[in-house]
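The structure appears below as structure tokens.
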Amino acid sequence: MRVEYFGGTEPELAVVGGIHGDEPCGINAIEQLLEDPPTFERPVVFVIANEEAIAAEHRYVEEDLNRAFPGDEAGPTHEKRLAADLQSTLGDCLTLSMHSTQSYDGTFALVNELTEQLHGPLGQLPVDAVVDVGSHSKGRLFDAIPTTIEVECGYQGSAQATRNAKRLLQSFLEATGAVAPTATEDDSQLEELPVFRLDRQIPKSEAATYDVFVSNFEQVAKGERFAAADGVDVVAEESFYPVLLSAYGYETVFGYTAEYLGKIGELDARSEVA
Ligand SMILES: [Zn+2]
């Protein structure tokens, strides 16, 4: 794990790339920023998480790091031990963790719970949507660090994902006051940002080929054919919004159904104290 502190070793903010070794966008964004670091006005820690998986260009070495939280420093796998290490490095920092997918070429943010503290930064990030992971937080970084915003930056390995990661990183640092704002463009899309909550996983039967016929975040009607396994249609039992839906992104599921909660400006943020 590579860790670089700016403004002291007691950071308030954290930026994480490389939780998954085959998702270079966040690593590229961090490395390019730190080639010529800006002046930081708040203490920030930057972390390149799973260096062993990155070197192997694999998602993980022994188990998925983003399913290994809370970690264990004497744990049985590389990722269990790394999760403990990462957790103690991040403490209670407001954390940006950058990822990429096989399901969506745009950007979106994932949170465990839409607290007051996350509302402000989320409204300043160049994302298409916010996804509350609902009951699907188990083992993820959110489990250890609830003040985490995960961002999906685009298609895994694409140049666009790296460009998006750089924009997201810059926006996060500006929104949190870590660096002076440079942008003259629109400051906040807070009112307009749509918020979804994950509902259930969409199982995928064993097959040689898979297809997906619908777009993420666009409503699928009851009875609509939205995917296929070996040419056999999968039909929606109820209407839903697909999130992280892809033909080959996961081994046993196509992705998730989600419900649309509304625009972020219309939702009451849940108080952190409550
Ligand atoms: Zn990832």
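The values are calculated or read from the model by the stated rules, or taken from the named source; none is laboratory data. Just so it is clear, the model here is predicted, and its values are computed rather than measured. Don't worry about glycine lacking a Cβ; one is built from the backbone with ideal geometry, like all the others, and counts go over all protein chains shown. With ligands, DNA and RNA removed, areas are computed over all heavy atoms of the protein, side chains included. Shrake-Rupley method; radii C 1.70, N 1.55, O 1.52, S 1.80 Å.
Filtering region 1-29 down to residues that are β-branched (V, I, T) and farther than 19 Å from A180 by Cβ, which residue is most open to solvent (accessible area, probe 1.4 Å)?
Of everything passing the filter in region 1-29, T9 is most open to solvent (accessible area, probe 1.4 Å).
Could you check region 211-228 and list, in sequence order, the residues that are in contact with a Ser or Thr (Cβ under 7 Å, 6 or more places away or on another chain), surrounded by fewer than 18 Cβ atoms within 10 Å (Cβ to Cβ) and part of a strand (DSSP E or B)?
Listed by number, the list is empty, since nothing qualifies.
Among A178, A208, which is at pLDDT 95 or above, assigned to a loop (DSSP other than H, G, I, E, B) and open to solvent by 50 Å² or more (accessible area, probe 1.4 Å)?
A208
Against the definition (within 14 Å of the ligand (Cβ to nearest atom) and assigned to a strand (DSSP E or B)), how does V3 come out, yes or no?
Spelling it out, it is not the case that V3 is within 14 Å of the ligand (Cβ to nearest atom) and assigned to a strand (DSSP E or B).
Just name the residue that is farthest from the chain's Cα centre (by Cα) out of those in region 107-133 that are within 16 Å of the ligand (Cβ to nearest atom) and over 25 Å from G75 (Cβ atoms).
So, considering only residues that are within 16 Å of the ligand (Cβ to nearest atom) and over 25 Å from G75 (Cβ atoms), the one farthest from the chain's Cα centre (by Cα) is V127.
For region 87-103, how many residues meet the condition of being within 14 Å of the ligand (Cβ to nearest atom) and buried (at least 16 other Cβ atoms within 10 Å of the Cβ)?
Of the residues in that region, 7 qualify.
Tell me, which residue of region 32-83 that is among the basic types (K, R) and not in a loop (DSSP other than H, G, I, E, B) is nearest to the chain's Cα centre (by Cα)?
Taking the candidates together, the pick is R67.
Would you check which residues across region 8-55 are small (G, A, S), away from the ligand (no atom under 15 Å from the Cβ) and more than 16 Å from T148 (Cβ to Cβ) and list them?
G8, A55
Starting from residues that are farther than 13 Å from A109 by Cβ and modelled with pLDDT under 95, keep the ones in region 133-144 and report whichever is most open to solvent (accessible area, probe 1.4 Å).
K138
All but one of (1) within 15 Å of L173 (Cα to Cα); (2) open to solvent by less than 20 Å² (accessible area, probe 1.4 Å); (3) of a type outside the set (A, V, I, L, M, F, W, C) hold for P37, so report the exception by its number.
(2)
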